[in-house]
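Data first, discussion second: the structure below is written as structure tokens.
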Amino acid sequence: MRKRVKTLAMSLVLTFAVATPQGKASAQGILPKPQSYAPAKGTFHTRGRQVRVENRVGDIARNIYSEPWMAVSKGGARQVMIFDRLSPKSIAGLTLKDGAEAEAYQLHVSPDTILIRAASADGFRLAWATVRQLTTKKGVACCDVVDAPAYKWRSMMLDVSRHFRSIEFLKRQIDAMARYKFNRLHLHLTDAAGWRIEIKRYPRLTNLAAWRPYATWQEWTDNGGKYVEEGTPGAYGGYYTQDQLRELVSYAADRGITIVPEIEMPGHSEEVLAAYPELSCSHEPYKDSDMCPGSVATYDFMENVLLEVMDIFPSEYIHVGGDEAVMKAWDNCLLCQRMMKELHTDKAGLQAHLITHFGNFLNAHGRRLVGWDEVIASRLAPNTTVMVWRETDLARKAIEHGYDVVLSPGDYCYIDRYQDAPITQPTAMGGYLTLKKMYDYVPGDDLTADERRHITGLQANLWAEYIPSDEQMEYMFWPRAMAIAEIGWNGAEKKDYADFHRRALAECDTVRAMGIHAFDLRHEIGERKESFTPVKHKARGCRVTYNTPLHPKYTAGGEQALVDGVRGGWTYADKRWQGFTGTEGWCLDVTIDMGSIQKLHEVSAVFMQSLGPWIYYPTKYRVSLSEDGKTFTQVYSQDQPQRDPCRVGYRTQAWHGSRKARYVRVQGSCDTEFGWLFTDEIVVR
């Protein structure tokens, strides 16, 4: 038998050197797609057969293989499973990135043998995940696979602060993530909506800051954002004990997944400051949102918290947040002002000082800091990882500092956005992010080859402001997580969505069988139909004068965008909708010059409403016509003194009549401090 195995191993190296075209992998439906897949004839039958296991690597492959069909035989069974050690140098045809060696594997399946070779327990787990996807009712499909990840950080982030999730829920997601070769689960454990981790030194974090009087985040924020004592009748919330988290860490580790905890600082800390107001600049609860970076107490508190966090989580990486600090209270804080003077810096520099301190603190304890891209300014150790959630230029800036980068851009990785026609979907944050758009993402495609070597992975984030139930969270999570799995593992820049879609459809059935409430991909509606066909009308190509400026971030291509015939899709961020904002007067005020006096019958515009990003229908809307461009006659007026409660929608405002005019003036008002108006086309007929 040993001679036969040696022959097999030698033939594997030769077979793997020639990669089969990727498209053929879809025949078996493996997701994520392997780097190299060669189908073969036959099946390793699993029904009514005995299997002899030959484990040549000891503990690193123990407890990885456990299937109902494996009635292990100690005798001379006709079928054999062999676990053997792999030297990364023997992986012919693949260029391994740094850190990929531990997860690389080779798999050979013939009618009488399954041979798995890997260098670590993680490699064997990942190989076994492929075996499971190759398994049908008859058995395991014969093939040869050579595989390794494109990125060493392949992660999903779950927000358990805004709405608390049970340990059982998290385990269910971990089981599915393991199937798709994820290797990290980022838990957003702390935020204003609730502190979710037991810290024994600071019991008020869970006695008070983990509980609120309203079940949903929206109700809670609408009613003042206060907390209540644990045990208060009707209180909503919860937290994980340290023992529960240790057990969850072990459960995930057994499936090849590391849990990365996030403890926010200095912003997003309202819950901390309600429990321990002395950590704020005002020393008053419910007044500040940021910790006081000028106070020694803040540093002592966070060090003590992180010591307990590190005792629970063995993860090399600890996430400290660092995003969206308001910094307003620091202007009038004597401690902050004194520290800024001592450091010869400003408020941004003061936050950088705090983040740098905790980066050094984590390094001193053998850990590495991860932070959102706001931490770039900090003078952190080179072993820092920056999670870039905004524009790619920040990835470049982080790389210039010497930091590794995990890409998590909102446009491609924020799965709190609608995944199908918003008017058909449960409430979401806003925006529109389909499975296809996620799959089409190429990480760092606008970076140089040298810069891209610092991209260590990617992550999708599921923020839970508008996700109150387990079922809805899974609905948002799956199948879009599969796109991140595919990119993170396979890394292919050439995309074949039809092939991926077929595999994802089959895997949706699989996750549903696991008890997960996945989005029904088979009944996806798709993009707004108006966006596919240009609209013809009299004003196309005419000159537009902006009497009030459009917002520079949402120009939709320039001053002709409102009369270019192009309609927008479901999201304001698709570069087809123009955005306007302003609290006084008309935030939208444009005049269209038709070039000559013409007989007009219609002036219409579609407006979007999406309450998550403060996009509203106009509170006032006017259409006026003129023959000379000086004297205008108002022909249409509509006021909305009460805001429409519709969470998301698309409304047409239109004048119909019969008038002669050369100039068309359209005005709209949003009349709110943070309000936006978005429209995609002014149609004149």
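The values are calculated or read from the model by the stated rules, or taken from the named source; none is laboratory data. Everything numeric here is computed off the predicted structure, so don't read it as measured data. Here Cβ is always computed from backbone atoms with ideal geometry, including for glycine, and neighbour counts include all displayed protein chains.
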Given (1) in contact (Cβ under 8 Å) with a residue 40 or more places away in the chain; (2) surrounded by 14 or more Cβ atoms within 10 Å (Cβ to Cβ); (3) farther than 18 Å from His551 by Cβ; (4) of a type in the set (S, T, N, Q), Ser626 misses just (1)
Here the residues within segment 637-685 that are small (Gly, Ala, Ser) and not in a strand (DSSP E or B) are Gly675
So, in segment 330-380, how many residues would count as being free of Cβ contacts under 8 Å to residues at least 24 places away in the same chain and either in contact with a Lys or Arg (Cβ under 8 Å, 6 or more places away or on another chain) or buried (at least 22 other Cβ atoms within 10 Å of the Cβ) (or both)? 1
Is it true that some residue in segment 245-259 is under 19 Å from Glu465 (Cα atoms), among the aliphatic types (A, V, I, L, M) and touching a strand residue (DSSP E or B) at 6+ places or on another chain (Cβ under 8 Å)? no
Selection status of Ser610, over 36 Å from the mean Cα position of the chain (by Cα) and small (Gly, Ala, Ser): no
Test set (1) more than 29 Å from Met608 (Cα to Cα); (2) of a type in the set (Ser, Thr, Tyr); (3) within 18 Å of the chain's Cα centre (by Cα) - Thr384 fails condition number: (3)
Any chance segment 417-435 includes a residue that's out of contact with any His (no Cβ under 7 Å at 6 or more places or on another chain) and in a strand (DSSP E or B)? yes
Among the listed residues Glu303, Glu308, Glu324, identify the single one that is without any contact (Cβ under 8 Å) to a residue 60 or more places away in the chain, assigned to a helix (DSSP H, G or I), within 19 Å of Asp191 (Cα to Cα) and of a type in the set (D, E, K, R). Glu303
Kindly indicate whether any position in segment 190-205 is among the acidic types (Asp, Glu) and within 19 Å of His319 (Cβ to Cβ). yes
So which residues in segment 619-636 are outside any strand (DSSP E or B) and over 22 Å from Ala539 (Cα atoms)? Thr619
Matching residues in segment 11-35 - criterion: being within 37 Å of the chain's Cα centre (by Cα), more than 23 Å from Met438 (Cα to Cα) and either modelled with pLDDT of 90 or more or not in a loop (DSSP other than H, G, I, E, B) (or both): Phe16
Given the options Ala561, Ala539, Ala573, name the one that is surrounded by 15 or more Cβ atoms within 10 Å (Cβ to Cβ) and modelled with pLDDT under 95. Ala573
So Phe678 ticks every box in (1) modelled with pLDDT under 95; (2) surrounded by 17 or more Cβ atoms within 10 Å (Cβ to Cβ) but one. Which box is left unticked? (1)
Against the condition of a type in the set (D, E, K, R), in contact with a strand residue (DSSP E or B) (Cβ under 8 Å, 6 or more places away or on another chain) and either under 17 Å from Thr190 (Cα atoms) or outside any helix (DSSP H, G or I) (or both), how does Glu284 come out, does it pass? no
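Yes/no per residue for (1) out of contact with any strand residue (DSSP E or B) (no Cβ under 9 Å at 6 or more places or on another chain); (2) under 23 Å from Asn490 (Cα atoms); (3) at pLDDT below 95:
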position	(1), (2), (3)
Asp112	no, no, yes
Ala118	no, yes, yes
Val160	no, no, no
Phe164	no, no, no
Ile197	no, no, no
Pro203	yes, no, no
When residues of segment 575-595 are filtered for being over 19 Å from Cys542 (Cα atoms), assigned to a strand (DSSP E or B) and of a type in the set (Gly, Ala, Ser), how many remain? 1
Residue in segment 386-395 that is nearest to Glu324 (Cα to Cα), counting only those that are touching a residue at least 40 places away in the same chain (Cβ under 8 Å) and surrounded by 24 or more Cβ atoms within 10 Å (Cβ to Cβ): Met387
Please determine, by comparing only the residues of segment 340-372 that are aromatic (Phe, Trp, Tyr) and in a helix (DSSP H, G or I), which one is nearest to Ala325 (Cα to Cα). Phe358
How many residues are assigned to a helix (DSSP H, G or I) and surrounded by fewer than 21 Cβ atoms within 10 Å (Cβ to Cβ) when one looks only at segment 287-300? 4
Would segment 596-616 turn up any residue that is free of Cβ contacts under 8 Å to residues at least 60 places away in the same chain, surrounded by fewer than 17 Cβ atoms within 10 Å (Cβ to Cβ) and not in a strand (DSSP E or B)? no
Go through (1) surrounded by 14 or more Cβ atoms within 10 Å (Cβ to Cβ); (2) closer than 30 Å to Asp416 by Cα; (3) basic (Lys, Arg) for Lys553 and report which single condition fails. (1)
Could you list all residues from segment 464-508 that are among the small types (Gly, Ala, Ser) and assigned to a helix (DSSP H, G or I)? Ala481, Ala483, Ala485, Gly488, Ala498, Ala504, Ala506
